[in-house]
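This report refers to the structure that appears directly beneath it.
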Amino acid sequence: MVLVAGLVALAACGATEAEHPPGTAAAPAASRAPDTNAVSPVVRPFDLQGHRGARGLRPENTLPAFELALDLLVDTLEMDLHLSRDDVVVVWHDPLIDSGKCDVEGVVRIRDLTAEQLGQVRCDRNPDPDRFPDQVAEPGLVAGNDYTIPTLAQVFQLAASYSTDDRKTADQRANAAGVRFNIETKRDPTNPGAIGDGFDGETMGIFEVAVIEAVTTAGLLDRVSVQSFDHRSLRAIHAAHSDITLAALTGRGDLPDFSALVQSGAAIWSPDHRSVDATTLAAAHDAGLLVIPWTVNNPNDMEQLLTLGVDGIITDRPDLAPSP
């Protein structure tokens with residue numbers, strides 16, 4: 001196995017992945033394509049978000065996964081964020097790295113490694129081929145074969161490079177030039193100290209500060225939304241940066257006080273898609289929230305949610321999404 005010497009010695013054992021339960025994947029369908037030669041960079045009525053890039057087709061949260069999502073003309077790239085040992089924002093779902101996804105021995109903790117070390121860990125494995133039978137680790141034209149753990153800045157740069165790459169179509173380049181980024185602070189509401197940055201639940205911790213700095217440096221404040229299951233993270237960001245779009249994530253059956261979410265700064269409610277029906281959708285809309293559920297992989301579920309009138313979906317399979 002290829003790995004920086006000494007990484008495993010830095011590792012700390014922990015829990016296995018806390019997964020968003022997706023719908024049932026279906027057979028591949030034709031790629032989504034636009035009707036015009038240009039895609040507006042402004043927020044559109046329906047928001048198709050590629051979950052962890054395009055997890056159903058490429059290993060999650062990697063540059064090739066985000067490139068393929070751009071190939072499929074998603075409106076938004078959805079991704080998860082953690083903090084490296086040297087306080088750099090990196091793109092990964094779990095607090096841990098395990099051998100089911102990456103070329104590591106044992107279990108390695110993200111927070112124990114620097115961004116440079118994480119950039120040498122190859123994560124091109126499919127941990128669940130039964131759920132993701134179409135996931136393959138193929139190189140992209142822009143990302144190449146870089147299946148390491150990227151920084152948030154590298155994902156921003158990928159989209160920028162993609163938008164000027166003449167190997168992509170005019171539609172793809174125009175879409176990438178205005179694509180949005182839905183970035184999740186992976187704080188654990190039940191364990192506020194998990195990131196290890198001194199977060200007090202009220203003011204931005206080192207993690208939130210680093211996220212905002214990365215977004216600001218890239219000049220993408222108007223194209224970024226920040227989401228979290230830990231709504232304290234959202235409130236802390238809102239208190240310091242009221243102009244940032246925030247999305248409150250909730251689990252299956254967890255129906256929040258929608259008015260309270262709005263008052264705390266949230267503009268979007270992103271529930272488990274099985275929590276959405278006509279009643280909950282109407283209540284959220286009445287409170288002034290957009291509703292963008294996760295993780296919708298079954299085309300029948302997608303159609304039903306579009307018929308209900310959701311404002312977008314987060315999916316591992318953007319290639320299966322119907323036109324809104």
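A few notes on this one:
- Checklist (1) closer than 27 Å to ASN175 by Cα; (2) in contact with a helix residue (DSSP H, G or I) (Cβ under 7 Å, 6 or more places away or on another chain); (3) buried (at least 23 other Cβ atoms within 10 Å of the Cβ) applied to LEU72, failing item: (3)
- Residues satisfying the stated conditions in segment 205-224, i.e. open to solvent by less than 10 Å² (accessible area, probe 1.4 Å) and either on the phi > 0 side of the Ramachandran plot or assigned to a strand (DSSP E or B) (or both): VAL224
- Within segment 269-295, tally of residues that are under 22 Å from THR245 (Cα atoms), touching a strand residue (DSSP E or B) at 6+ places or on another chain (Cβ under 8 Å) and either open to solvent by less than 30 Å² (accessible area, probe 1.4 Å) or of a type in the set (D, E, K, R) (or both): 15
- In segment 256-267, the residues that are among the β-branched types (Val, Ile, Thr) form Cβ pairs under 7 Å with partners that are loosely packed, with under 15 Cβ neighbours inside 10 Å and assigned to a loop (DSSP other than H, G, I, E, B), at six or more places apart or across chains, as follows: VAL262/GLY288.
- When segment 177-204 is limited to residues that are of a type in the set (A, V, I, L, M, F, W, C) and farther than 24 Å from LEU68 by Cα, the one that is surrounded by the most Cβ atoms within 10 Å (Cβ to Cβ) turns out to be ILE195.
- Yes/no for THR315 being surrounded by 16 or more Cβ atoms within 10 Å (Cβ to Cβ), of a type in the set (Val, Ile, Thr) and either in contact with a strand residue (DSSP E or B) (Cβ under 7 Å, 6 or more places away or on another chain) or modelled with pLDDT of 95 or more (or both): yes
- Hey, ALA248 touching a Phe, Trp or Tyr at 6+ places or on another chain (Cβ under 9 Å), in a helix (DSSP H, G or I) and either farther than 18 Å from VAL90 by Cα or in contact (Cβ under 8 Å) with a residue 40 or more places away in the chain (or both) or not: no
- Where a residue in segment 186-204 is in a loop (DSSP other than H, G, I, E, B) and its partner, wherever it lies, is of a type in the set (Val, Ile, Thr), with Cβ under 7 Å and at least six apart: ARG187/ILE195; ASP197/ILE206; GLY198/ILE206; MET204/ILE237
- Flag for ASN191 being on the phi < 0 side of the Ramachandran plot and under 20 Å from the mean Cα position of the chain (by Cα): no
- Filtered residue count, segment 281-324, keeping only those that are part of a loop (DSSP other than H, G, I, E, B), closer than 18 Å to PHE132 by Cα and either hydroxyl-bearing (Ser, Thr, Tyr) or free of Cβ contacts under 8 Å to residues at least 12 places away in the same chain (or both): 1
The values are calculated or read from the model by the stated rules, or taken from the named source; none is laboratory data. What you are looking at is a predicted structure, and each value in this text was computed from that prediction instead of being measured. Positions of Cβ are backbone-derived with ideal geometry, glycine not excepted, and every protein chain shown enters the neighbour counts. Surface areas here come from the heavy atoms of the whole protein model, side chains and all, with no ligands, DNA or RNA. Shrake-Rupley method; radii C 1.70, N 1.55, O 1.52, S 1.80 Å.
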